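Following: one structure in structure tokens, then a few remarks.
The values are calculated or read from the model by the stated rules, or taken from the named source; none is laboratory data. Quick caveat: nothing in here was measured; it's all calculated off a predicted structure. Note that each Cβ is placed from the backbone with ideal geometry, even for glycine, and that neighbours are counted across all protein chains shown. Calculation scope for accessible area: heavy atoms of the full protein, side chains included, ligands and nucleic acids excluded. Shrake-Rupley method; radii C 1.70, N 1.55, O 1.52, S 1.80 Å.
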Amino acid sequence: MEFKPHEYQKIAIKKVLDTPKVGLFLDMGLGKTVITLTAIDWLMYWNFEINKALVIAPLRVAEDTWSRECQKWEHLKHIKISKILGKEAQRRKALYHEADVYIVNRENIAWLVKEFESGAAWDFDMVVIDELSSFKSAKSQRFKALKKFIPLAKRVVGLTGTPAPNGLMDLWSQMYLIDGGERLGRTIASYRERYFVPNQRNATTVFNYKPKQESEQAIKQKLSDICMSMQAKDWLTLPERMDLIEMVKFSAQEQQQYETFEKQSYIKFLEGEVSASSAGVLTMKLLQYCNGSVYLSDKNYTTVNDAKLQRLEEIIDTANGQTVLCFYSFIFDCERLLQKFPQAVKLGGAEDIAKWNKGEIPLLLVHPQSAGHGLNLQDGGNIIVWYGLPWSLELYQQANARLHRQGQTRAVIIHHLMIEGTVDERVYQSLQQKENVQEGLLQALKIKYQMERG
């Protein structure tokens, strides 16, 4: 296929060519992959500025998306791809195979760095980090490993549509990989001190920060020369999107049981000031209950209700044979859905993606973490059901963009299954308002139960 870039793609390609260390914050559907590959082709075969490029991507994207884009577009078909994937022997063979672009999944970054530390020559002139936001934690092993060698690359491209999914604190480690701390500081402590103030603390430790009033504008100004942001709504004509709230009611007995479970969970995890991790555990427990089961251990769970299963069955019936993409939250969700709906398929590899896009899978079950980035599913259907909502805004937005994107020919219908009067409502409201779900939940429960606690 001949590549005829849109005007916004021309602008983005020029930005990469003109800016050796660059962050492209492009919305879903704008074509980050073809933009970057076109820039690589120009730098490698026209400017002769680079010889080898390393692409770091989520596993599914590393397996399929980059190589598929090279085969799709006529001007990229000559680019030689080597995928550093699979078992260690396969990865090592791919690393030493002659190619133009080497693709590694982010989980293998630590292994790759050990190879370089053991004597393998770093000869990548350019590094592309696909979904840069997956390096938002400065404590992660992938970040610590990559920061050792990425300064050796004379060109770095960071790609993401959600650079700050949980707030401005997420930006530091991402930008450090691009410019080595030149703009936001060389340590996260200095970044925090300059742009944030304590927001929550217990007796001994600050565990939450909020930006100072002027910080957002100041940070944007700092990054303006090396970062470019584009939103799909400003450049594309997207299909219509209908967000439907499917409010599900517990029976009186189930509601009473939920209230008891919520109160007991709150008291258990929220005795005095609570750490952020405990708040996350509390959120997950309540969301489990709303989905119909609760984990008793890592693998064992008990079923407490079928409310959402019954509502999903109604939605499938009224779909009149149309395919449905269902996002689930927990392993027990998937197990129960497969038991309830024999026609359902849990997303596996490329074969399932192909079958879905041909309309051969009536009900596709997907965890949002498995479909957050790089999967084109818009050919297979236009109906999404959120069986359980994630507390991550990034996962929510990315998952919806699997169907609501350029190339979709029908209006996209997104059903949100929520149990009335439960944490489900709080999570949905927080996602819509781009708030911190855990913090919002804690505040709501404090208000709800403060009188009872005295």
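Residue-by-condition table, conditions (1) open to solvent by 20 Å² or more (accessible area, probe 1.4 Å); (2) out of contact with any Gly (no Cβ under 9 Å at 6 or more places or on another chain); (3) of a type in the set (A, V, I, L, M); (4) over 25 Å from Ser392 (Cβ atoms):
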| site | (1), (2), (3), (4) |
| --- | --- |
| Asp298 | yes, yes, no, no |
| Thr302 | yes, yes, no, yes |
| Asp306 | yes, no, no, yes |
| Glu313 | yes, yes, no, yes |
| Pro342 | yes, yes, no, yes |
| Val345 | yes, yes, yes, no |
| Ala354 | yes, yes, yes, yes |
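Please state which one of Leu377, Leu363 is over 30 Å from Phe261 (Cβ atoms) and surrounded by 20 or more Cβ atoms within 10 Å (Cβ to Cβ). Break it down stepwise before answering.
On the way: Leu363 fails: over 30 Å from Phe261 (Cβ atoms).
That would be Leu377, the only listed residue that is over 30 Å from Phe261 (Cβ atoms) and surrounded by 20 or more Cβ atoms within 10 Å (Cβ to Cβ).
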Restricted to the range 53-89, and to residues that are open to solvent by less than 30 Å² (accessible area, probe 1.4 Å) and assigned to a helix (DSSP H, G or I), which residue is nearest to Val113 (Cα to Cα)?
Ala62
Just checking, how many residues over the range 196-235 are surrounded by 14 or more Cβ atoms within 10 Å (Cβ to Cβ) and modelled with pLDDT under 80?
4
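Can you find a residue that is touching a residue at least 24 places away in the same chain (Cβ under 8 Å), of a type in the set (Gly, Ala, Ser) and assigned to a loop (DSSP other than H, G, I, E, B) anywhere in the range 183-194? Give the derivation first.
The first filter runs over the range 183-194 and keeps only residues touching a residue at least 24 places away in the same chain (Cβ under 8 Å), leaving 183-184, 188.
Still in the list and also of a type in the set (Gly, Ala, Ser): none.
No, every residue in the range 183-194 fails to be touching a residue at least 24 places away in the same chain (Cβ under 8 Å), of a type in the set (Gly, Ala, Ser) and assigned to a loop (DSSP other than H, G, I, E, B).
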Specify which of the listed residues (Glu439, Glu425) is open to solvent by 40 Å² or more (accessible area, probe 1.4 Å), modelled with pLDDT under 80, acidic (Asp, Glu) and in a helix (DSSP H, G or I).
Glu439
Enumeration of residues in the range 332-367 that are closer than 23 Å to Asp424 by Cα and free of Cβ contacts under 8 Å to residues at least 12 places away in the same chain:
Glu335
Selected residue [open to solvent by 30 Å² or more (accessible area, probe 1.4 Å), under 28 Å from Asp225 (Cα atoms) and in a helix (DSSP H, G or I)] from Leu37, Leu43, Leu17:
Leu17
Please enumerate the residues belonging to the range 93-116 that are over 16 Å from Ile56 (Cα atoms) and either outside any helix (DSSP H, G or I) or open to solvent by less than 80 Å² (accessible area, probe 1.4 Å) (or both).
His97, Glu98
Determine if the range 379-398 includes at least one residue that is modelled with pLDDT under 90, closer than 20 Å to Lys233 by Cα, in a loop (DSSP other than H, G, I, E, B) and not basic (Lys, Arg).
no
